[in-house]
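Here is the structure we will look at.
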Amino acid sequence: MVAIDQVLEKLSTVIDPDLKKDIVSMGMIKDLELNDGNLKFTLELTTPACPFNVEIEDDVRKVIAELSDLKAFDLNVTAKVMEGRSLEADTQMATVKNIIGVASGKGGVGKSTVSLNLALALSQTGAKVGLLDADIYGPSIPLMLGMEDGSMEVEDNKLQPADVNGLKVVSFGFFADQSKQAAIYRGPIISGILKQFLVDTNWSELDYLIVDLPPGTGDIPLTLAQTIPITGILVITTPQDVASNVAVKAVSMFEKLNVPIIGVIENMSHFVCPKCDDKHYIFGNGGAKKISEQFKIPFLGEIPLNYGIMSGSDSGKPIMSTNTDSPSAEAFRASAKNVAAQCSIIASNLQEEMESESGDSESSNEDSTNNGTS
């Protein structure tokens with residue numbers, strides 16, 4: 001009769017393609033039961049947006065099928081997002097597992113549109129997602145969500161995010177007296193507003209908080225990087241050199257601040273002709289891939305130039321909510337899965353570092369004890 005050790009040995013041959021580790025050592029096998037040839041366990045993926053979830057499940061079923069003497073096999077597949085930042089070092093936002101800053105070197109690259117649709121794509125996988133519109137000078141997320149008249153409440157001295165399309169949303173654009181006025185504030189005040197939006201908001205339990213940063217390398221990106229531990233920065237660019245050359249500055253800034261770079265996404269990558277299906281590279285070709293190669297950071301996707309994306313943003317009907325079967329929505333979905341995968345990789349590396357530091361600390365304490373008693 002097959003034994004539990006044999007089951008675990010088989011399962012340890014299944015490797016997570018992103019993490020490059022076996023699913024047993026990663027703790028992805030939960031509640032394993034083996035009674036009289038009846039096998040039952042839960043496969044807990046590192047994120048519901050895992051790009052390889054189907055492949056991993058198929059591999060699990062394949063190796064279990066190789067075991068003889070099994071009468072029945074019951075597999076339950078779930079997901080629990082890993083913590084891609086040190087929650088112990090951030091007691092103010094300890095309920096948010098991953099904070100992703102979305103940055104660009106310059107304006108006009110569609111960063112807010114990408115931020116919103118990526119947030120929606122992650123939410124649609126079952127993840128709990130928040131979206132912080134940190135562009136105080138030019139908040140656009142309320143317009144893109146059709147919430148120009150939206151507002152936020154304050155309860156127990158905490159800002160309550162608006163709940164729309166499955167997202168927890170905070171934006172300076174929700175404040176009515178600022179909706180048609182310019183935000184005329186100096187850097188310290190802007191930084192103070194962002195800190196309030198981060199730590200004085202009731203974000204509740206979130207797997208991912210997407211922070212849509214203003215373009216450039218000014219006060220707000222610096223404040224985000226220096227106020228709280230974040231998972232990393234996602235850089236948005238367009239194909240042309242003038243955009244990618246400026247995006248390089250954003251990458252350089254965050255690297256100097258020791259903030260991980262999650263990867264780069266190319267927006268308005270190409271136009272697909274509806275009549276001939278040919279790709280037309282209107283703004284050039286390969287800007288994001290050049291950044292990826294130069295800085296050795298992941299290239300996470302390309303979003304096509306599409307009228308539906310633009311019109312959806314202007315009308316408050318994002319394409320990930322209104323046309324989920326379109327090629328553009330699929331591009332956002334693929335990019336979101338790649339972003340989630342990179343967050344899991346960062347989380348896995350962070351977990352290893354913490355375990356290593358813990359081991360070194362215990363070893364040091366033992367040495368001190370032994371030296372003291374010898």
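The values are calculated or read from the model by the stated rules, or taken from the named source; none is laboratory data. Keep in mind that what you see is a predicted model, and the values were worked out from it rather than measured. All Cβ positions, glycine included, derive from the backbone under ideal geometry; neighbour counts span all protein chains shown.
Filter region 280-303 for residues that are within 16 Å of Gly263 (Cβ to Cβ) and among the polar types (S, T, N, Q); which is nearest to the chain's Cα centre (by Cα)?
Taking region 280-303 as the starting set, the residues that turn out to be within 16 Å of Gly263 (Cβ to Cβ) are 286-303.
In the following step, the residues that additionally are among the polar types (S, T, N, Q) were identified as 292, 294.
Numbers: Ser292: 18, Gln294: 22 Å.
Selected residue: Ser292.
So, in region 229-256, of the ones that are more than 14 Å from Gln294 (Cα to Cα) and at pLDDT below 85, which residue ends up surrounded by the most Cβ atoms within 10 Å (Cβ to Cβ)?
Ala243
Show the residue pairs meeting these rules: Cβ distance below 8 Å; 6+ apart or different chains; first residue within region 302-329 and over 17 Å from Glu148 (Cα atoms) and β-branched (Val, Ile, Thr); second residue at pLDDT below 90 and assigned to a helix (DSSP H, G or I).
Final answer for the pair search is Ile303/Ile309; Ile319/Gly308; Ile319/Ile309; Ile319/Gly312; Thr322/Gly312.
Would you point out the residue of region 152-164, among those that are under 14 Å from Leu132 (Cα atoms) and out of contact with any Gly (no Cβ under 9 Å at 6 or more places or on another chain), that is surrounded by the fewest Cβ atoms within 10 Å (Cβ to Cβ)?
Asp163
Across region 206-223, which residue is farthest from Ile261 (Cα to Cα) among those that are surrounded by 24 or more Cβ atoms within 10 Å (Cβ to Cβ) and at pLDDT 90 or above?
Only one residue fits best here, namely Asp207.
Kindly evaluate Ile265 against the criterion of being under 20 Å from Ser328 (Cβ atoms), touching a Gly at 6+ places or on another chain (Cβ under 6 Å) and either surrounded by fewer than 20 Cβ atoms within 10 Å (Cβ to Cβ) or modelled with pLDDT of 85 or more (or both). Even if it seems obvious, please write down each step before you answer.
Working: under 20 Å from Ser328 (Cβ atoms): yes; touching a Gly at 6+ places or on another chain (Cβ under 6 Å): yes; either surrounded by fewer than 20 Cβ atoms within 10 Å (Cβ to Cβ) or modelled with pLDDT of 85 or more (or both): yes.
Here the answer is yes, as Ile265 does meet what is asked.
May I ask you to verify whether Glu362 is charged (D, E, K, R), outside the structural domain of Pro229 (by TED's automatic domain parsing), farther than 26 Å from Ile56 by Cα and modelled with pLDDT under 90?
Numbers: charged (D, E, K, R): yes; outside the structural domain of Pro229 (by TED's automatic domain parsing): yes; farther than 26 Å from Ile56 by Cα: yes; modelled with pLDDT under 90: yes.
Answer is yes for this residue.
Suppose the filter is in contact with a Leu (Cβ under 7 Å, 6 or more places away or on another chain), buried (at least 17 other Cβ atoms within 10 Å of the Cβ) and β-branched (Val, Ile, Thr); does Ile345 pass it?
Values: in contact with a Leu (Cβ under 7 Å, 6 or more places away or on another chain): yes; buried (at least 17 other Cβ atoms within 10 Å of the Cβ): yes; β-branched (Val, Ile, Thr): yes.
Answer is yes for this residue.
Mind checking which residues of region 275-300 are closer than 22 Å to Val339 by Cβ and of a type in the set (Lys, Arg)? Talk me through it step by step, then tell me what you get.
Within region 275-300, the subset closer than 22 Å to Val339 by Cβ is 286-300.
Hits for region 275-300 are Lys289, Lys290, Lys296.
Hey, Leu224 hits all of (1) farther than 22 Å from Met320 by Cβ; (2) of a type outside the set (Val, Ile, Thr); (3) out of contact with any Leu (no Cβ under 8 Å at 6 or more places or on another chain) but one; which does it fall short on?
Among (1) farther than 22 Å from Met320 by Cβ; (2) of a type outside the set (Val, Ile, Thr); (3) out of contact with any Leu (no Cβ under 8 Å at 6 or more places or on another chain), Leu224 violates only (3).
Any residue that is in the same structural domain as Ser292 (by TED's automatic domain parsing), in a loop (DSSP other than H, G, I, E, B) and touching a strand residue (DSSP E or B) at 6+ places or on another chain (Cβ under 7 Å) - is there at least one of those in region 176-198?
Going through region 176-198, the residues in the same structural domain as Ser292 (by TED's automatic domain parsing) turn out to be 176-198.
Among the residues that remain, those that are also in a loop (DSSP other than H, G, I, E, B) are: 179-186.
Remaining after also requiring touching a strand residue (DSSP E or B) at 6+ places or on another chain (Cβ under 7 Å): none.
No: region 176-198 contains no residue that is in the same structural domain as Ser292 (by TED's automatic domain parsing), in a loop (DSSP other than H, G, I, E, B) and touching a strand residue (DSSP E or B) at 6+ places or on another chain (Cβ under 7 Å).
Could you please find all residues in region 142-169 being of a type in the set (Val, Ile, Thr), within 16 Å of Leu120 (Cα to Cα) and more than 23 Å from the chain's Cα centre (by Cα)? Steps first, please.
Pass one, region 142-169, residues of a type in the set (Val, Ile, Thr): 154, 164, 169.
Keeping just the survivors that are within 16 Å of Leu120 (Cα to Cα) gives 164, 169.
Across region 142-169, there are no qualifying residues.
When the residues of region 22-36 are filtered to those that are of a type outside the set (A, V, I, L, M, F, W, C) and out of contact with any strand residue (DSSP E or B) (no Cβ under 7 Å at 6 or more places or on another chain), which remaining residue is farthest from Thr125 (Cα to Cα)?
Quick first cut of region 22-36, residues of a type outside the set (A, V, I, L, M, F, W, C) only: 22, 25, 27, 30-31, 33, 35-36.
Of the ones still in play, those that are also out of contact with any strand residue (DSSP E or B) (no Cβ under 7 Å at 6 or more places or on another chain) are 25, 27, 35-36.
Numbers: Ser25: 25, Gly27: 22, Asn35: 33, Asp36: 36 Å.
Only one residue fits best here, namely Asp36.
Would you mind stating whether His280 is farther than 29 Å from Ser348 by Cα, crowded, with 16+ Cβ neighbours inside 10 Å and touching a Phe, Trp or Tyr at 6+ places or on another chain (Cβ under 6 Å)? Full working, then the answer.
Details: farther than 29 Å from Ser348 by Cα: yes; crowded, with 16+ Cβ neighbours inside 10 Å: no; touching a Phe, Trp or Tyr at 6+ places or on another chain (Cβ under 6 Å): yes.
No.
Quick one: count up the residues across region 143-170 that are part of a strand (DSSP E or B) and charged (D, E, K, R). Before the answer, list the steps.
To start, the set of residues in region 143-170 that are part of a strand (DSSP E or B) comprises 153-155, 158-160, 162-164, 167-170.
Checking which are charged (D, E, K, R) leaves us with 153, 155, 158, 163, 168.
Residues in region 143-170 being part of a strand (DSSP E or B) and charged (D, E, K, R): 5 in total.
Considering only region 6-18, state which residues are out of contact with any Phe, Trp or Tyr (no Cβ under 8 Å at 6 or more places or on another chain) and in a loop (DSSP other than H, G, I, E, B).
Listed by number, the residues that qualify are Ser12, Thr13, Val14.
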